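What follows is one structure encoded as structure tokens, with my remarks underneath.
The values are calculated or read from the model by the stated rules, or taken from the named source; none is laboratory data. Bear in mind the structure is a predicted one, so any value in this text is a computation, not a measurement. So basically every Cβ, Gly included, is an ideal-geometry build from the backbone, and we count neighbours across all protein chains shown. The area values use the complete protein model at the heavy-atom level, side chains included, leaving out ligands, DNA and RNA. Shrake-Rupley method; radii C 1.70, N 1.55, O 1.52, S 1.80 Å.
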Amino acid sequence: MNLQQAARDHLWMHFTRMGGYQSAEVPIIVRGDGCYLEDANGKRYLDALAGLFSVNLGYGFGEEMGQAALAQMKELPFYTNWSYAHPRAIELASELASLAPGDLNRAFFVSGGSEAVESAWKLARQYYLARGSKRVPAGETRHDERVGSPAPRRYKAIARQIAYHGTTMGALSINGIPALKETFEPLVPEVRHVKNTNRYHRPPGETEAEFTAMLLEDLEEAVLAMGPETVCLVHMEPVQNAGGAFTPPEGYWQGVRAICDRYDILLSADEVITAFGRLGHWFASERYDIRPDIVCCAKGLSSSYASIGAVLVTDRVMEPFLEGSAMYSHGITFGGHPVQAAVALKNIEIMKREGIMERVLANEGAFRSTLEQLLELPIVGDVRGTGYFYAIELVKDKETRETFSDEECESLLRGYLSGALFERGLICRADDRGDPVIQISPPLVAGQAEFDEMTGILGAVLAEAGRRMQAR
Ligand SMILES: Cc1ncc(COP(=O)(O)O)c(C=O)c1O
């Protein structure tokens, strides 16, 4: 088969300007090993994005993962989690309960990140109904429940500006990137987006404490404006990806938790990217002591060797669903698929054996300082992130932190950088959903040799990008 022609004629690639490939060559990736990929022409690439922030173990464990999948296919290729259990789903749920912080003891399986987010919001909506159907006894007061009367419906969600949370209608509504949403409006009511933790463009004299206070004030104002008794979910990533690896300021998560507690709102940590080692912990909620009620995970759960995600919930969230005839009215055929669950179990086993968490924690300092060499370039304004999760923000003027216009971004990112990096054998993402950034998120098996290689390529390409932008 002529793969090029067949791709042009039949494949619809996601988030891709297909028209561009009527004349240009479709990039076809044919194999992977460790941190490297190879295309159909035999050219090698360092994958500094780990697929889509997701191949946490890298590409070198196909044999072991494949054996786990094969064994499961022979034993039981499929059965469902609708009303039934099977051994791999049970074992994986138990494993996740033991790895997740606190009493996140229950797993509801899905097929990916968007479904996890979708399921978290639906769950939060139903949680208050399930819990609220019990009338509050006299003498006991809850914020939203008047004695003797049913609680008002809680259905609204709060997320952050520029945050990406997926593409299905509910997840898209939670998404904070207007350009992705406008085409599909009206979306699912009702979501508000509060300020994210982008520190780089804050006033220079602002202290960390002032920054945190401003963010928390903004969140609380949104809760109050929406009507606290109608909000069921605050949904945020431990470190926000879109916009470029926004880490939380000191005290931020403790403040968010306190606001959720004050207004009796469920806090959901979107760990679709951050879980399973990206930040050197099984869950980033542990690193930042977030204490979420709900955790959404997917990608790294199987290092993307399988399409599986999970929604983890605490004992408190589960409680009303264990009573009487209560049932979470939601299900997905492939949620907890035995072959996918077997692969996820194998992934966790390999991560433990290879000491992936320890490796990321041991290497993150060296990774950061290697990337920070790029700060010497005039076009590099900021290098930020943590663990194996970084963003490099590109600026027009380093002194003033002035960013590029939309038209300049188009020419810088899509007109030059994406192609030039790929040409030189580096896969990473040039993104301007917020300000222009290069996102770096390599497989967790990467070491100093890969840090040096990616920094070398980035340095050469960004230096040339800077010259081109100046010459315009
Ligand atoms: C934080 C976050 N949430 C949700 C999603 C959606 O995941 P999926 O693409 O598997 O549906 C993503 C995908 O990148 C993500 O980064």
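For region 230-240, the condition holds for no residue, the condition being that it is under 26 Å from TYR390 (Cβ atoms) and either at pLDDT below 95 or aromatic (Phe, Trp, Tyr) (or both). For ALA342, indicate whether it is more than 26 Å from PHE276 (Cα to Cα), modelled with pLDDT of 95 or more and either out of contact with any Ser or Thr (no Cβ under 8 Å at 6 or more places or on another chain) or among the aliphatic types (A, V, I, L, M) (or both). No; evaluated as a whole, the condition is false for this residue.
Taking into account only those residues within region 253-272 that are within 14 Å of the ligand (Cβ to nearest atom) and either outside any loop (DSSP other than H, G, I, E, B) or open to solvent by less than 10 Å² (accessible area, probe 1.4 Å) (or both), which is nearest to PHE61 (Cα to Cα)? Of everything passing the filter in region 253-272, GLU271 is nearest to PHE61 (Cα to Cα). The residues of region 341-378 that are over 23 Å from SER111 (Cα atoms) and open to solvent by less than 10 Å² (accessible area, probe 1.4 Å), listed by number, are ILE356, VAL360, PHE367, THR370, LEU371, LEU374.
The set of residues in region 242-252 that are open to solvent by less than 10 Å² (accessible area, probe 1.4 Å) and assigned to a loop (DSSP other than H, G, I, E, B) comprises ALA242, GLY243, GLY244, ALA245, PRO249. If the condition is being within 27 Å of TYR59 (Cβ to Cβ) and either open to solvent by 10 Å² or more (accessible area, probe 1.4 Å) or not in a loop (DSSP other than H, G, I, E, B) (or both), then region 287-303 contributes ARG287, VAL295, CYS296, CYS297, LYS299, GLY300, LEU301. For region 356-472, the strands (runs of 3 or more DSSP E) that sit wholly inside it and include 3 or more residues that are of a type outside the set (Ser, Thr, Tyr) and in contact (Cβ under 8 Å) with a residue 60 or more places away in the chain are 380-386, 389-394, 437-440. Does GLU115 count as part of a helix (DSSP H, G or I), within 16 Å of the ligand (Cβ to nearest atom) and open to solvent by 20 Å² or more (accessible area, probe 1.4 Å)? For GLU115, the condition - part of a helix (DSSP H, G or I), within 16 Å of the ligand (Cβ to nearest atom) and open to solvent by 20 Å² or more (accessible area, probe 1.4 Å) - is met. Taking region 431-453 as the range and being in contact with a Leu (Cβ under 6 Å, 6 or more places away or on another chain) and surrounded by 23 or more Cβ atoms within 10 Å (Cβ to Cβ) as the test, the residues that pass are PRO436, SER441.
Can you find even one residue in region 325-340 that is of a type in the set (Gly, Ala, Ser) and either open to solvent by less than 10 Å² (accessible area, probe 1.4 Å) or within 16 Å of the ligand (Cβ to nearest atom) (or both)? Yes - at least one qualifying residue is present in region 325-340. Here is the figure for region 79-109: residues that are open to solvent by 40 Å² or more (accessible area, probe 1.4 Å) and either of a type in the set (Lys, Arg) or under 15 Å from ILE332 (Cβ atoms) (or both) total 8. The set of residues from region 163-209 being open to solvent by 40 Å² or more (accessible area, probe 1.4 Å), β-branched (Val, Ile, Thr) and either more than 16 Å from the ligand (Cβ to nearest atom) or within 16 Å of the chain's Cα centre (by Cα) (or both) comprises THR167, THR168, THR183, THR207. Out of curiosity, is VAL231 closer than 20 Å to ASP432 by Cα and among the β-branched types (Val, Ile, Thr)? Answer is no for this residue. Pick from ALA275, ALA306: which is within 11 Å of the ligand (Cβ to nearest atom), part of a loop (DSSP other than H, G, I, E, B) and not polar (S, T, N, Q)? So the residue among ALA275, ALA306 that is within 11 Å of the ligand (Cβ to nearest atom), part of a loop (DSSP other than H, G, I, E, B) and not polar (S, T, N, Q) is ALA275. When residues in region 58-105 are screened for being more than 29 Å from TYR36 (Cα to Cα), of a type outside the set (A, V, I, L, M) and in contact with a strand residue (DSSP E or B) (Cβ under 8 Å, 6 or more places away or on another chain), 4 of them pass.
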